[in-house]
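Mind having a look at this structure? Questions to follow.
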Amino acid sequence: SAVISQKPSRDICQRGTSLTIQCQVDSQVTMMFWYRQQPGQSLTLIATANQGSEATYESGFVIDKFPISRPNLTFSTLTVSNMSPEDSSIYLCSVTPGGTNYGYTFGSGTRLTVV
Amino acid sequence: DAKTTQPPSMDCAEGRAANLPCNHSTISGNEYVYWYRQIHSQGPQYIIHGLKNNETNEMASLIITEDRKSSTLILPHATLRDTAVYYCIVRVGWGNTPLVFGKGTRLSVIA
């Protein structure tokens with residue numbers, strides 16, 4: 001199955017600033033997905049990133065707040081912009097199994113704390 | 001994707017079998033049952049999946065009822081490392097669509 005390297009693993013940021021999270025995959029994948037996990041909650045899908053096109057955002061998430069780049073088939077970034085304490089969460093990326101039986105692969109997550 | 005219902009939490013003694021139930025009464029004929037788990041502060045990890053037959057791998061067994069309206073994930077000899085949130089997800093095949101997570105079951109394995 002694919003292996004994802006997600007960076008940074010954690011960060012503490014000042015409100016009003018932005019943080020860019022990176023996910024690097026060791027193989028080419030068509031779709032990448034970004035999730036948010038608020039404290040004590042389940043995972044919520046933010047957006048789907050398809051290489052060569054604009055990301056598709058879920059209800060409640062907008063591009064100005066969570067811009068996503070997908071420059072090639074192995075890399076994507078998610079930026080959390082103009083942060084507030086409510087953005088404190090774990091952010092995760094995920095890729096599809098690509099026809100294998102190993103299931104979706106997830107990055108190790110970025111634990112973001114906004115102060 | 002069909003909706004699933006799981007108990008919010010369960011306890012299991014170390015070394016005993018952990019049986020995690022999942023109800024999916026609206027499952028359709030082409031939908032699979034998938035199980036993932038999330039150990040604290042890590043990304044979710046695939047465990048097992050099945051369509052209608054019981055399945056077993058090195059991690060767990062999946063028992064699906066004959067009418068497919070419910071299933072049980074079995075960890076045969078639970079260890080402290082199995083303490084995690086377990087998610088039951090019903091969906092059509094692998095595809096290129098994202099996983100949708102419910103609230104899952106928080107399993108605590110107790111020494």
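Could you figure out which of (1) without any contact (Cβ under 8 Å) to a residue 60 or more places away in the chain; (2) under 20 Å from B:Y36 (Cα atoms); (3) in contact with a Ser or Thr (Cβ under 9 Å, 6 or more places away or on another chain) isn't true of A:G40?
(3)
Suppose the filter is away from chain A (no Cβ under 13 Å) and farther than 21 Å from A:Y104 by Cα; does B:S108 pass it?
Numbers: away from chain A (no Cβ under 13 Å): yes; farther than 21 Å from A:Y104 by Cα: yes.
Here the answer is yes, as B:S108 does meet what is asked.
If we scan the stretch A:28-35, do we find a residue that is within 24 Å of B:V100 (Cβ to Cβ), open to solvent by 20 Å² or more (accessible area, probe 1.4 Å) and away from every other protein chain (no Cβ under 13 Å)? Spell out how you get there, then give the answer.
Step one: list which residues in the stretch A:28-35 are within 24 Å of B:V100 (Cβ to Cβ), which gives A:29-35.
From what's left, open to solvent by 20 Å² or more (accessible area, probe 1.4 Å): A:30-31.
The next check asks that each one be away from every other protein chain (no Cβ under 13 Å); those that pass are none.
So far as the stretch A:28-35 goes, no, none of its residues is within 24 Å of B:V100 (Cβ to Cβ), open to solvent by 20 Å² or more (accessible area, probe 1.4 Å) and away from every other protein chain (no Cβ under 13 Å).
So which of A:V29, A:V62 ends up being in a loop (DSSP other than H, G, I, E, B), more than 12 Å from the chain's Cα centre (by Cα) and more than 23 Å from B:Q42 (Cα to Cα)?
Details: A:V29 fails: more than 23 Å from B:Q42 (Cα to Cα).
Of A:V29, A:V62, the one residue that is in a loop (DSSP other than H, G, I, E, B), more than 12 Å from the chain's Cα centre (by Cα) and more than 23 Å from B:Q42 (Cα to Cα) is A:V62.
Every residue in the stretch B:47-66 that is open to solvent by 50 Å² or more (accessible area, probe 1.4 Å) and of a type in the set (V, I, T), please.
Correct list: B:T56, B:I63, B:T65.
Output the number of residues of the stretch B:4-31 satisfying the condition of being over 14 Å from B:R68 (Cβ atoms), open to solvent by 60 Å² or more (accessible area, probe 1.4 Å) and either of a type in the set (D, E, K, R) or in a loop (DSSP other than H, G, I, E, B) (or both).
4
How many residues, within the stretch B:82-111, are part of a strand (DSSP E or B), crowded, with 19+ Cβ neighbours inside 10 Å and hydrophobic (A, V, I, L, M, F, W, C)? Show your work before the answer.
Of the residues in the stretch B:82-111, the ones part of a strand (DSSP E or B) are B:84-91, B:105-110.
Still in the running and crowded, with 19+ Cβ neighbours inside 10 Å: B:84-91, B:105, B:107, B:109.
Right, trim to hydrophobic (A, V, I, L, M, F, W, C) and you get B:84-85, B:88-90, B:107, B:109.
The number of residues fulfilling the criteria is 7.
Condition check: over 19 Å from B:Q6 (Cα atoms), of a type in the set (S, T, N, Q) and within 14 Å of chain A (Cβ to nearest Cβ). Does B:N57 satisfy that?
Numbers: over 19 Å from B:Q6 (Cα atoms): yes; of a type in the set (S, T, N, Q): yes; within 14 Å of chain A (Cβ to nearest Cβ): yes.
It is true that B:N57 is over 19 Å from B:Q6 (Cα atoms), of a type in the set (S, T, N, Q) and within 14 Å of chain A (Cβ to nearest Cβ).
Using the structure shown, decide if A:P97 is within 12 Å of chain B (Cβ to nearest Cβ) and either out of contact with any Asp or Glu (no Cβ under 7 Å at 6 or more places or on another chain) or over 19 Å from A:P8 (Cα atoms) (or both).
Details: within 12 Å of chain B (Cβ to nearest Cβ): yes; either out of contact with any Asp or Glu (no Cβ under 7 Å at 6 or more places or on another chain) or over 19 Å from A:P8 (Cα atoms) (or both): yes.
Answer is yes for this residue.
The values are calculated or read from the model by the stated rules, or taken from the named source; none is laboratory data. No experiment lies behind these values; they were computed from the predicted model shown. Here the Cβ is made from the backbone with ideal geometry for all residues, glycine too, and neighbour counts use every protein chain on show. Just so you know, the surface numbers come from the protein's heavy atoms only, side chains and all, with ligands and any DNA or RNA stripped out. Shrake-Rupley method; radii C 1.70, N 1.55, O 1.52, S 1.80 Å.
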